[in-house]
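Here is the structure we will look at.
A short reminder: the numbers here are calculations on the coordinates, not readings from a lab. Keep in mind it's a predicted model, so treat the numbers as computed, not measured. No Cβ is skipped: glycine too gets one built from the backbone with ideal geometry, and neighbour counts run over all protein chains shown.
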There are 2 protein chains.
Amino acid sequence: MNIGEVAERSGIPTKTIRYYEDIGFLHPKRNENGYRIFEETELHKLTFIGRARSLGFNIEECRALLALYEDKERGSSDVKKIAQQHVQEIEAKIADLIAMRDTLTHLITACAGDHRPDCPILDNLSDGKGE
Amino acid sequence: MNIGEVAERSGIPTKTIRYYEDIGFLHPKRNENGYRIFEETELHKLTFIGRARSLGFNIEECRALLALYEDKERGSSDVKKIAQQHVQEIEAKIADLIAMRDTLTHLITACAGDHRPDCPILDNLSDGKGE
DNA sequence: TCTTGACCTTCCAGTGGCTGGAACCCTTAG
DNA sequence: CTAAGGGTTCCAGCCACTGGAAGGTCAAGA
């Protein structure tokens, strides 16, 4: 398989696949013209990484998960630990975003949104009050 | 005021303040030894930006908000529009994160988390099933 | 045979919003 | 005289790509 087909089948852009090779996720062989040749196992790996990324795991976490995946001796507790840690980070982000949203919707409700210059949103940014 | 005091009072690191000058948010004067001198208005502006950033507005949005703030002729509808747009983006991010979290907590619940190698989390990353 | 177009290659630079560090200058206290 | 604690500039790095330039390769069609 050439990189284009792998990109198609994994849903990961060629640019990203080359980048993943750069950072050591993959080691595709090359044929005599210099093109990368991918095996099914490499496609599988890429798909794995793609799913992990879409669950918000960062590159280092993906690396760890991949290593655990390939280690038939691992206990599932190692994986679970990584996932739980990650869920906590996600929860924290959600909490931050909800706080932002709530403040903003509050201010938006208070803002007439017309042609007049008076604006509680700017007032809040300016003096921190209006909560 | 020197940069250190401004940093202290605005809660924004000196590095960031210099960066904000770089990108044209501020134009502090200099005294004869080359040090930046800040007026109260500049401190105020920084605090404004700090609040806007903490509500998740990006730099360009901050620039727009600041311009509106300084334009005494603006209508509050312009501000409201920016804020509403921003809330929508936040909502989208929240939805993404919640989807991630739900998938993950689901998988985590299914994962024994013990010494055995069997792991629904890795299985899901590997084949996309297990939902 | 030539050309066209779709592939593929490498390398370099840019994204956003800072942040760290090096190397240096200025001021004040001891 | 020195040391500490300001300040200055400039360059590099973070993360995870992404865009673009400049060029090599291959298969199909005129």
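Observations on the model:
- Sites residue B:105 and residue A:67 - FRET efficiency at Förster radius 22 Å, r taken between beta-carbons, to 0.05: 0.40
- Sorted from nearest, the other copies put their residue B:60 label points 3.1 nm away, the label point being 7 Å from Cα in the direction of Cβ.
- Selection of trypsin sites (Lys or Arg not before Pro), the stretch B:37-118, meeting DSSP coil and at most 11 other Cβ within 10 Å: B:72
- Average beta-carbon neighbours from other chains, 10 Å sphere, peptide B:103-114: 5
- For the stretch B:92-107, Karplus couplings with θ = phi - 60° (6.51, -1.76, 1.60), whole Hz, Gly/Pro x: 5, 5, 4, 4, 4, 5, 5, 4, 4, 4, 5, 4, 5, 5, 4, 5
- Per-copy distances of the residue A:72 label point, shortest first, in nm (7 angstrom along Cα→Cβ): 7.9
- Sorted shortest first, the separations between the residue B:39 label point and its copies elsewhere in the assembly read 7.0 nm; each point sits 7 Å from Cα along the Cα-to-Cβ line.
- Cα gyration tensor category, rounded, prolate or oblate, for the protein assembly as shown with a/c compared to 1.5: prolate
- Farthest towards the positive end of the charge dipole of chain B, among the residues B:108, B:50, B:83, is the Cα of B:50, using unit charges on the Cβ of Lys, Arg, Asp and Glu.
- Residue A:77-residue B:60 pseudo-label distance in nm [points 7 Å out on the Cα-to-Cβ vector]: 5.0 nm
- Taking A:35, A:69, A:20 as the candidate residues, the one with maximal mean-square fluctuation in a Gaussian network model of chain A, Cα springs under 10 Å, is A:35.
- In the stretch A:9-61, the GluC sites (Glu not before Pro) that fall in loop regions by DSSP, at most 16 other Cβ within 10 Å: A:32, A:39
- Number of partner chain Cβ atoms within 10 Å, mean per residue of A:37-47: 1
- Across the stretch A:43-131, the relative contact order, built from alpha-carbon pairs under 8 Å that are at least six residues apart, equals 15 percent.
- Residue and distance for the chain A Cβ closest to the axis that moves A onto B, in whole Å, come to A:94, 3.
- Structure remark: mean-square fluctuation, Gaussian network model of chain B, C-alpha springs under 10 Å; the largest value among B:37, B:94, B:121 belongs to B:121.
- For chain B, the mean residue ellipticity at 222 nm estimated from helices alone is -21500 deg cm²/dmol, where every DSSP H run of n ≥ 4 contributes -39500 (n - 2.57) and the total is divided by all residues, rounded to the nearest 500.
- Segment residue B:116-residue B:22, length gained on full extension (0.36 nm per residue, minus Cα span): 28.3 nm
- Under a Gaussian network description of chain A, with springs only between Cα atoms under 10 Å, the residue in A:82, A:17, A:108 that fluctuates furthest is A:108.
- Cα-projected label distance for residue A:92 with residue B:96, points at 7 Å along beta-carbon direction, nm: 1.9 nm
- Shape category assigned to the stretch A:48-89 from the gyration tensor of Cα positions, a/c cut at 1.5: oblate
- For chain B, the longest principal axis of the C-alpha atoms and the axis of helix B:40-54 are separated by about 10°.
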